[in-house]
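Structure first, commentary second.
The values are calculated or read from the model by the stated rules, or taken from the named source; none is laboratory data. All of these numbers come straight from a predicted model, not from anything done at the bench. Reconstructed Cβ throughout: ideal geometry from the backbone, glycine too, with neighbour counts over all protein chains shown.
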Amino acid sequence: MAFDYNKLTFGEKGKTINVVVEIPKGSNLKVEWRRKKNIFELDRIEPEIFSKPCNYGFIPGTLDDDNDELDVLLVNNEPIPMGLVVIAKVIGVVNFSDDNEIDHKIIAVPEDDRNGRSLNSYKDLGENWEKQIEYHFNHYKDLKKPGSTLVQGFGDSKDAWKVIEECIQRFEGQIK
């Protein structure tokens, strides 16, 4: 029997989040979690030039404005296998729209990373990282739907936790 990711919670408010990895860093397979089917499903194969620049996943127990689980950019040096759950620290948010729908991307790092690199803000990743993320998300759909995506800026961890809280409330039916 498959693991039921729908039974996971978002994590611990204000401290950590649970991230379910959908797409490992470097993959061009666009995998989607299908909550109602309780499966990971291949949505499409992206051009190799638009492979994910970091691990990509979602926070269980949340719904963003696009009615999907809240997305996460999980930053570390290695690809993390699909389906793995990672306890992570929130360090920022990418404000993003896709076909005019708000589709936030929480920026997080594994909570227990012993590589000596202490990241507490998305700014610790550097200006070049921000530019790469902005470029990737502004252009990864250009071959099919040019101009349909737009990065609208970055926010700090406080901004990210506001988004997370709203998405938890939406999941719990408190926000329609």
Inset, instruction - For the stretch 153-169, enumerate the residues that are part of a helix (DSSP H, G or I) and charged (D, E, K, R). - result: 158, 159, 162, 165, 166
Inset, instruction - Restrict the check to the stretch 83-92 and report whether at least one residue is under 28 Å from residue 47 (Cα atoms), touching an Asp or Glu at 6+ places or on another chain (Cβ under 7 Å) and modelled with pLDDT under 95. - result: no
Inset, instruction - Can you run down the residue pairs with Cβ atoms below 9 Å, 6 or more apart or on separate chains, where the first is in the stretch 152-168 and of a type in the set (Ser, Thr, Tyr) and the partner is in a helix (DSSP H, G or I)? - result: 157/122
Legend entry - Residue list for the stretch 23-64, restricted to those being without any contact (Cβ under 8 Å) to a residue 40 or more places away in the chain and of a type in the set (Ser, Thr, Tyr): 51, 56
Inset, instruction - Answer yes or no: is there a residue in the stretch 74-97 that is within 14 Å of residue 160 (Cα to Cα) and touching a Cys at 6+ places or on another chain (Cβ under 8 Å). - result: yes
Legend entry - Complete set of residues in the stretch 8-22 that are in a strand (DSSP E or B) and touching a residue at least 60 places away in the same chain (Cβ under 8 Å): 11, 16, 17, 18, 19, 20, 21, 22
Legend entry - Selected residue (only one of 140, 135 is among the aromatic types (Phe, Trp, Tyr), in contact (Cβ under 8 Å) with a residue 60 or more places away in the chain and either closer than 24 Å to residue 47 by Cα or touching a Cys at 6+ places or on another chain (Cβ under 6 Å) (or both)): 140
Legend entry - Members of the stretch 97-132 that are of a type in the set (Gly, Ala, Ser), under 21 Å from residue 26 (Cα atoms) and touching a residue at least 40 places away in the same chain (Cβ under 8 Å): 108
Inset, instruction - Evaluate the following for residue 25: is it basic (Lys, Arg) and either at pLDDT below 95 or in a strand (DSSP E or B) (or both)? - result: no
